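Only one structure is covered here, and it is reproduced in the block below.
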Amino acid sequence: MSMTETSRIVTMDKIAALSKRRGFVFPGSDIYGGLANTWDYGPLGVELKRNVKDLWWRMFVHQRRDIVGIDAGILMHPRVWEASGHVESFNDPLVDCRTCKARFRADHLIEERLGLHVEGKSPAEMTAILREAEVKCPSCGNATLTDARQFNMMFRTTIGPVEETGTTVYLRPETAQAMFVQYKNILATGRVKVPFGIAQIGKAFRNEITPGNFIFRLLEFEQMEIEYFVKPDEAAEAFEAWIASMQGWLAHIGVRGENLRIREHDAEELSHYSSRTLDFEYRYPGAMGWRELYGLANRTDYDLTQHERVSGQDLHYFDQAENRKYLPYVIEPTFGVDRTILTLLVDAYDEEATVDVNGKPDTRVVLRLNPRVTPYKAAVLPLLRKPELVEPARRIFDDLNATLGVLLDYDETGNIGKRYRRQDEIGTPFCVTIDFESLEDQCVTVRHRDDMTQDRIAIDALAGWLAERIA
Ligand code: GAP
């Protein structure tokens, strides 16, 4: 897909429409008119998401001896967020319009209107830039924007039946803190030695001022994060190794390279905990352009130092080989699950000019997803809904299901052309068709999603043939 932005076929609207039509992602609370910026994964979306999470866990936890997993709670002690700096610093700059009451993120407004990257600048500095350029409200066009002010993005709730006397707690804005808080318990299990990592997949919540772009910026989302604990003087080397591992992951799930780049944060943009951060950016369609997909940060010993101070616990690591104690540095590769899903859909979307069964010009929509992540690995289709074809087709489906242990589709409704199109649109790499000839020669037709070529395969050899291609 080396193409200019204007010639790019994919748009966010097409992805959102396909997602709803085929059951990847639905608007949240849809029958109530939706709840803005909430989305639910449908039958195909949940499979795609599970595949992504399972592949990630396999690559970074099961296949490595230096990383262990945890699954922590969303609610944590409120002092965790004091220690981590989130109560103090997890803010976004907000501007309101006095006329129409619309709300904007000041940094995004400046970026959109003036093309300046100002993440990390103070609200006063952003206000000055907005005033200088006489930026007006994008909603109503009036010059009535307030000064920028900080807005804490953590969602708050109360533990206890009586709100006034209950304890205020936060829905975690990142999964990372549980890894710091449980680091001592994990060391005590005796299974790990520096360098080692703790991985977690789970929900995080942020009261984003300007969510949107379908599932790109959500209020509730999932993260796959690793906190990788290293000797302080080996942090730079570990950081470089993680760049390669993150690139390896993207290649593994089939995200093509031409729309990916790495961008280094400058000093002003760095989060309060980071000494070095890289964004893995993807070029999303249309006005969105290059945006953060994943991040890699050197969190130094910031979090452990803070948790030591606030909890009063000794979090130093005793290095037996060196016979000394130190606070490890932490390298943090972080991967948004929902952004991975969005990126996979955008990256895989393609349209091809073709002709329909009547010879009329038509468009074939095809999701060229890597078979590792597709919801269905293959679909079994009797050519017609006739008992003599349906019966062997169902048998083949059951046999493949038992042998392959992957999700397969079975579809006997509608004409075969329409069924192929549906499978193309949801990314199924292979369609297995049972026709009248199959009854004679005990073979089936396997159609390839990407180029629509067909192979004739013996039913006996089918499971092995598929296993080789979808493993
Ligand atoms: N623990 C570090 C951390 O949370 P972050 O860059 O704020 O760093 C990590 O978030 C990743 O989580 C991002 O790279 C992105 O993939 C995902 N993410 C962050 N905010 C999000 C949101 N509002 N909606 C969806 N995904 C989000």
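The values are calculated or read from the model by the stated rules, or taken from the named source; none is laboratory data. Since the structure is predicted, the reported quantities are computational estimates derived from the model, not experimental observations. As a convention, Cβ positions derive from the backbone with ideal geometry for all residues, glycine included, and neighbour counts pool all protein chains shown. Ligands, DNA and RNA are stripped out before the accessible areas are found, and what is left, the full protein with its side chains, is counted by its heavy atoms. Shrake-Rupley method; radii C 1.70, N 1.55, O 1.52, S 1.80 Å.
Looking at (1) touching a residue at least 24 places away in the same chain (Cβ under 8 Å); (2) not assigned by TED's automatic domain parsing to the domain that holds LEU55, can you tell me which one PRO333 breaks?
For PRO333, the exception is condition (2).
Restrict the check to the range 232-253 and report whether at least one residue is open to solvent by 40 Å² or more (accessible area, probe 1.4 Å), within 11 Å of the ligand (Cβ to nearest atom) and in contact with a helix residue (DSSP H, G or I) (Cβ under 7 Å, 6 or more places away or on another chain). If you could, list the steps in order and put the result at the bottom.
Here is the first cut: in the range 232-253, the ones open to solvent by 40 Å² or more (accessible area, probe 1.4 Å) are 232-234, 236-237, 240-241, 244, 247, 251-252.
Still in the running and within 11 Å of the ligand (Cβ to nearest atom): none.
No, because not a single residue in the range 232-253 is open to solvent by 40 Å² or more (accessible area, probe 1.4 Å), within 11 Å of the ligand (Cβ to nearest atom) and in contact with a helix residue (DSSP H, G or I) (Cβ under 7 Å, 6 or more places away or on another chain).
Restricted to the range 330-372, and to residues that are under 24 Å from HIS448 (Cβ atoms) and of a type in the set (Asp, Glu), which residue is farthest from the ligand (Cβ to nearest atom)?
Per the criteria, the residue is ASP356.
Is at least one residue of the range 150-162 among the polar types (S, T, N, Q), within 12 Å of the ligand (Cβ to nearest atom) and part of a strand (DSSP E or B)?
Taking the range 150-162 as the starting set, the residues that turn out to be among the polar types (S, T, N, Q) are 150, 152, 157-158.
Now narrow it down to the ones that are within 12 Å of the ligand (Cβ to nearest atom): none.
Within the range 150-162, not a single residue is among the polar types (S, T, N, Q), within 12 Å of the ligand (Cβ to nearest atom) and part of a strand (DSSP E or B).
Give just the number: which of (1) open to solvent by 60 Å² or more (accessible area, probe 1.4 Å); (2) of a type in the set (D, E, K, R); (3) on the phi < 0 side of the Ramachandran plot does GLU174 not satisfy?
For GLU174, the exception is condition (1).
When residues of the range 121-137 are filtered for being assigned to a loop (DSSP other than H, G, I, E, B) and open to solvent by 50 Å² or more (accessible area, probe 1.4 Å), how many remain? Step through it out loud before you land on a result.
Looking only at the range 121-137, we keep the residues that are assigned to a loop (DSSP other than H, G, I, E, B), and these are 121-122, 133-137.
Remaining after also requiring open to solvent by 50 Å² or more (accessible area, probe 1.4 Å): 121, 134, 136.
The total comes to 3.
Confirm whether GLU437 is within 18 Å of LEU384 (Cα to Cα), touching a Ser or Thr at 6+ places or on another chain (Cβ under 9 Å), at pLDDT 95 or above and open to solvent by 20 Å² or more (accessible area, probe 1.4 Å).
In short, yes.
For the range 254-307, which residues satisfy the criterion of being aliphatic (A, V, I, L, M), more than 10 Å from the ligand (Cβ to nearest atom) and either open to solvent by less than 10 Å² (accessible area, probe 1.4 Å) or not in a loop (DSSP other than H, G, I, E, B) (or both)?
Going through the range 254-307, the residues aliphatic (A, V, I, L, M) turn out to be 255, 260, 262, 267, 270, 278, 287-288, 293, 296-297, 304.
When the remaining residues are screened for being more than 10 Å from the ligand (Cβ to nearest atom), the result is 255, 260, 262, 267, 270, 278, 287-288, 304.
Listed by number, the residues that qualify are LEU260, ILE262, LEU278, ALA287, MET288, LEU304.
Take the range 49-77 and flag every residue that is assigned to a helix (DSSP H, G or I) and either free of Cβ contacts under 8 Å to residues at least 40 places away in the same chain or not assigned by TED's automatic domain parsing to the domain that holds MET246 (or both). If you could, list the steps in order and put the result at the bottom.
Applying the first criterion (assigned to a helix (DSSP H, G or I)) to the range 49-77 yields 49-62.
Passing the criteria: ARG50, ASP54, ARG58, HIS62.
If ALA353 satisfies every condition in (1) at negative phi; (2) part of a loop (DSSP other than H, G, I, E, B); (3) open to solvent by 40 Å² or more (accessible area, probe 1.4 Å) but one, which is the exception?
Failing condition for ALA353: (2).
Name the residues in the range 145-169 that are surrounded by 14 or more Cβ atoms within 10 Å (Cβ to Cβ) and more than 32 Å from the chain's Cα centre (by Cα), would you?
Of everything in the range 145-169, those that are surrounded by 14 or more Cβ atoms within 10 Å (Cβ to Cβ) and more than 32 Å from the chain's Cα centre (by Cα) turn out to be LEU145, THR146, ASP147.
Taking VAL46 as the residue in question, decide whether it is open to solvent by 30 Å² or more (accessible area, probe 1.4 Å) and in a helix (DSSP H, G or I).
Details: open to solvent by 30 Å² or more (accessible area, probe 1.4 Å): yes; in a helix (DSSP H, G or I): yes.
For VAL46, the condition - open to solvent by 30 Å² or more (accessible area, probe 1.4 Å) and in a helix (DSSP H, G or I) - is met.
Regarding ALA106, is this residue outside the structural domain of VAL135 (by TED's automatic domain parsing), among the small types (Gly, Ala, Ser) and surrounded by 20 or more Cβ atoms within 10 Å (Cβ to Cβ)?
Details: outside the structural domain of VAL135 (by TED's automatic domain parsing): no; among the small types (Gly, Ala, Ser): yes; surrounded by 20 or more Cβ atoms within 10 Å (Cβ to Cβ): yes.
The answer is no for ALA106.
Could you tell me whether VAL46 is free of Cβ contacts under 8 Å to residues at least 60 places away in the same chain and under 15 Å from the mean Cα position of the chain (by Cα)? Spell out how you get there, then give the answer.
On the way: free of Cβ contacts under 8 Å to residues at least 60 places away in the same chain: yes; under 15 Å from the mean Cα position of the chain (by Cα): yes.
Considered against the rule, which asks whether it is free of Cβ contacts under 8 Å to residues at least 60 places away in the same chain and under 15 Å from the mean Cα position of the chain (by Cα), VAL46 comes out as yes.
How about the range 309-329: which of its residues are in a strand (DSSP E or B) and more than 16 Å from the ligand (Cβ to nearest atom)?
As a first pass, look at the range 309-329 and keep what is in a strand (DSSP E or B): 317-319, 324-326, 329.
TYR317, PHE318, ASP319, ARG324, LYS325, TYR326, listed by residue number.
Every residue, every condition in (1) buried (at least 20 other Cβ atoms within 10 Å of the Cβ); (2) modelled with pLDDT under 95; (3) away from the ligand (no atom under 15 Å from the Cβ), yes or no:
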position	(1), (2), (3)
VAL181	yes, no, no
ASN185	no, no, yes
ARG191	no, yes, yes
ILE215	yes, no, no
GLN223	yes, no, no
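Just one of ALA378, ALA348, ALA393, ALA402 is farther than 30 Å from TYR228 by Cα and open to solvent by 20 Å² or more (accessible area, probe 1.4 Å); which is it?
Working: ALA378 fails: open to solvent by 20 Å² or more (accessible area, probe 1.4 Å); ALA348 fails: open to solvent by 20 Å² or more (accessible area, probe 1.4 Å); ALA393 fails: open to solvent by 20 Å² or more (accessible area, probe 1.4 Å).
Going through ALA378, ALA348, ALA393, ALA402 in turn, the sole match is ALA402.
Tell me which residues, restricted to the range 445-461, are more than 28 Å from TYR349 (Cα to Cα) and not small (Gly, Ala, Ser).
Quick first cut of the range 445-461, residues more than 28 Å from TYR349 (Cα to Cα) only: 457-461.
Answer for the range 445-461, where residues must be more than 28 Å from TYR349 (Cα to Cα) and not small (Gly, Ala, Ser): ILE457, ILE459, ASP460.
Give me the pairs: first residue in the range 247-268 and touching a residue at least 24 places away in the same chain (Cβ under 8 Å) and assigned by TED's automatic domain parsing to the domain that holds LYS49, second residue among the hydroxyl-bearing types (Ser, Thr, Tyr) and part of a helix (DSSP H, G or I), beta-carbon distance under 7 Å, and six or more apart or on different chains, which are they?
From residues that are touching a residue at least 24 places away in the same chain (Cβ under 8 Å) and assigned by TED's automatic domain parsing to the domain that holds LYS49, the pairs are VAL255/THR343.
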